[in-house]
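Comments concern the structure below.
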Amino acid sequence: MVYQAILLLPLLGALLAGLLGKRINDHAAEYIATICLCFSALLSLYVFFFELPHLEAAKLVPLFQFLDSGTLQVDWAIRIDALTAVMLVVVTGVSSLVHVYSIGYMHHDPHRPRFFAYLSLFTFAMLALVTADNFVQMFFGWEGVGLCSYLLIGFWYKKPSANAAAIKAFIVNRVGDFGFALGIMAIFFVFGSLDFTTVFDAAKGFAGKTFSFAGQDVDILTTICLLLFMGAMGKSAQFMLHTWLPDAMEGPTPVSALIHAATMVTAGVFLVCRCSPLFELAPFALEVVTVIGATTAFFAATVGLFQNDIKRVIAYSTCSQLGYMFFAAGVGAYKAAMFHLFTHAFFKALLFLGAGSVIHALNDEQDMRKMGGVAKMIPATWALMVIGTLALTGFPFMAGFWSKDAIIESAYAAHSSVGMYAFALGIVAAGMTSFYSWRLIFMTFHGRYRGDPHDLDHIHDSPPVMLIPLVILAAGAVLAGILFEGSFIGHEQMEFWRGAIVNVHEHTALEARHHVPDWVIFSPAVVMLLGFVTAWYFYIEHPEWPAQMAAKQGPLYLFFYNKWYFDELYDFLFVRPAKRLGHFLWKTGDGKIIDGLGPDGVSAGIVDWTKQIVRLQSGFVYHYAFAMLIGVALLATWFTAGGAR
């Protein structure tokens, strides 16, 4: 019952908070949802620490038959292995802390029951995804988190910007999900099953086999993996399908921490690692994963350099760190990718919730240009965000140091062209990460206060209900790397990952990283220090310089500040043509042709004929007698002609 409780407790909390929210008071609704999540998190920790060490192979807990249609038979079952256990801890741990934090952050909102119902429902969908034993069940959770993200991003639906951001997230994710759905269909067509074990065991027999498409022989497994990765790109906001992520900051800050730090956006990484037996047999697909991941890490870091919204800076940081996870998986270091996913959850959730604490203290201000000099007024928030920044930038012995450095070293150790591409961009992105992370700290907490002077008397630290989750996350940001490095990627990795469907065909990159040159090992630390010094020089020593440089509106600054003009490009290529096509089909196709010649045209014709017929009713008897005479003549003619035949 432990596994069922982990999955169903969030659903129970969502139903109770959502359906009974109007009958019970707001506090009861949020407490019920939070307690359910906390119990689920405690049970997940129990599975991770006490049951996982004793699992020799993946454990299946069948619940019920999900689908039975012809040859397609799908059971709903909970799959427990190391990969699932890691995700259970991440999802329920971060979600429970976000629930607790939200009690304080959302205390003024009149719709708290609905908010907590959405949070809990999102967590249930994410748990359904990570515990799936087949692709259909995974797709159910996949679409569930997409729906809940739409609801949470657009929670403040009276704001047009929130509605636009929610729709944008939903549509962009549908692009990726279309590829994911095609991949699942292709898997069923090729293997005749959607069960993970059946598909992965049969995959070797299809290695190198092709099918004919458009006159070309195309590799079957490569096609399937690229379609699956298309879904991962959308959900994890990778390069070209990333545009929804920064706009999603329109949702409440706890939503940003839950969805965009530790849970939904990591679903794509989880998918690639879960399907590693397929990807290992499709080398070209792995190269694509590496290139897209490395490009994303670099691209998002460049954009984060000049963003002024505190949440958007952290959002682009998330996008960049997801790129690291993907190119780790691309070079075969799946365990390092999962390790970075695990450590990243702590310090990125810490930074998002810390940003929420800053916004809460500054009366909902999010523009860093209107902050500054508040470190002494909110010292707890400042200290906790510094810890998160140290972990993110890879400061020695913090969580990010162990996982991110392992990824960079593995990329170099892969000794491939795409590996070196990922290594080079990963190093550059690490330096930029350090710069924009410390830029955020310096602009937010140091220097002079640039906001309204009248607000200074009201700035204060957050209440304990908001700070306690930050303290727990800070502990994870400090200790998660050093405590679990051995289990994830160290000397205990074989025992830890046994029975998990991850890295079945052992790669050499993760092991070869122990033999890379010293300059590779020290490169991340050097660029991290360089980024810190540069940020200090620009924002502490010469704080007037950034504003002067921004005022010049140089081409490189505008290119990065406008996010490589992806939004403008997509607006030109897709949005405007789609709107023009829709308007044409609406006005011309539907209005003039379908309605004009169809229902509207027929009804208008009937009305016209009716008006003409009505005119015959003149009221004069001789008109009616004349009409009757004509009728008799016509009938006589008809009968005469008929008789002649």
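The values are calculated or read from the model by the stated rules, or taken from the named source; none is laboratory data. Model, not experiment: these values are computed from the prediction. Cβ coordinates were reconstructed from backbone atoms using ideal geometry, including for glycine residues, and neighbour counts include every protein chain displayed. Calculation scope for accessible area: heavy atoms of the full protein, side chains included, ligands and nucleic acids excluded. Shrake-Rupley method; radii C 1.70, N 1.55, O 1.52, S 1.80 Å.
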Quiz item: When Rg is the radius of gyration of the Cα atoms in region 599-645 and Rh is its Kirkwood radius, what does Rg/Rh come to?
Solution: 1.21
Quiz prompt | Test item: Cα-centred dipole of the chain, Lys/Arg +1 and Asp/Glu -1 on Cβ, debye | solution = 1700 debye
Exercise. Name the shape class, rounded, prolate or oblate, that the alpha-carbon gyration tensor gives for region 1-106, where a ≥ b ≥ c are the square roots of its eigenvalues, rounded holds for a/c under 1.5, and otherwise prolate holds if a/b is larger than b/c and oblate otherwise.
Key: oblate
Quiz item: Semi-axes, largest first, in whole Å: what does sqrt of 5 times each Cα gyration tensor eigenvalue give for region 200-272?
Solution: 34, 15, 5
Quiz item: Quick one: Debye curve from the C-alpha atoms of region 415-493, no solvent, what's log10 I(q)/I(0) at q = 0.11, 0.17, 0.23, 0.26 Å⁻¹?
Solution: -0.62, -1.04, -1.14, -1.12
Exercise. Count the DSSP beta bridges whose two residues both fall in the chain, then state the antiparallel fraction as a percent rounded to the nearest 5.
Key: 100 percent
Quiz prompt | Dimensions in Å of region 311-371 - Rg and Dmax from alpha carbons | solution = 14.6, 46
Quiz item: What percent of all Cα-Cα pairs in region 453-552 falls in each 5 Å bin, counting up from 0?
Solution: 2, 8, 8, 10, 12, 14, 13, 11, 8, 7, 5, 2, 0
Exercise. Enter the accessible area per residue of the chain (Å², integer; probe 1.4 Å; all protein chains in place).
Key: 43 Å²
Quiz item: Which Cα, out of 202, 411, 386, lies furthest along the positive dipole direction of the chain (beta carbon charges, K/R +1, D/E -1)?
Solution: 386
Quiz prompt | nm² value of the averaged projected area, convex hull over the Cα atoms of region 384-430 | solution = 3.1 nm²
Quiz item: Please state the equivalent ellipsoid semi-axes for region 205-244: what are the square roots of 5 times the Cα gyration tensor eigenvalues, largest first, in whole Å?
Solution: 27, 12, 5
Quiz item: Restricting attention to the alpha-carbon atoms of region 243-362, what are Rg (one decimal) and Dmax (integer), both in Å?
Solution: 14.8, 53
Quiz item: Expressed as a whole percentage, what fraction of the accessible surface of the chain belongs to carbon and sulfur atoms when a 1.4 Å probe is rolled over the protein heavy atoms?
Solution: 70 percent
Self-check item: Gap separating the Cα centres of region 259-304 and region 365-428, nearest whole Å
Solution: 18 Å
Practice problem: Report the relative contact order of the chain, percent, no decimals, based on alpha-carbon pairs under 8 angstrom and at least 6 residues apart. | Solution: 13 percent
Exercise. Return the lysines within reach of residue 579: Cα separation strictly under 30 angstrom, same-chain partners fewer than 8 residues apart disregarded; answer none if there are no such residues.
Key: 158, 159, 168, 235, 563, 587, 592
Exercise. Please work out the Cα center distance from region 38-87 to region 549-570, rounded to the nearest Å.
Key: 46 Å
Practice problem: State the Kirkwood hydrodynamic radius of region 105-250 in Å, one decimal place, computed from all pairs of distinct Cα atoms. | Solution: 16.9 Å
Practice problem: Mind pulling the per residue volume of the convex hull built on the Cα atoms of region 487-645? Å³ is fine. | Solution: 481 Å³
Quiz prompt | Within-12-Å neighbourhood charge of residue 181 [Cβ basis; K, R +1; D, E -1] | solution = -1
Practice problem: Using just the alpha carbons, could you tell me how many Å³ per residue the convex hull of region 31-176 encloses? | Solution: 130 Å³
Quiz prompt | Neighbourhood charge, 11 Å Cβ-Cβ cut-off, centred on residue 433 and excluding it, Lys, Arg +1 and Asp, Glu -1 | solution = +2
Quiz item: When all alpha-carbon pairs of region 554-613 are counted, what percent fall beyond 14 Å?
Solution: 71 percent
Quiz item: In degrees, nearest 10, range 0 to 90: what is the angle between the Cα axis of helix 283-304 and the longest Cα principal axis of the chain?
Solution: 80 degrees
Practice problem: Set Lys and Arg Cβ to +1 and Asp and Glu Cβ to -1, take the dipole of region 569-645 about its Cα centre, and tell me which of 627, 583, 637 lies farthest positive. | Solution: 583
Quiz item: How far is helix 82-105 tilted, in degrees, relative to the longest principal axis of the Cα atoms in the chain, given as a value from 0 to 90 rounded to the nearest 10?
Solution: 80 degrees
Quiz item: Of all the C-alpha pairs in the chain, what % are more than 51 Å from each other?
Solution: 18 percent
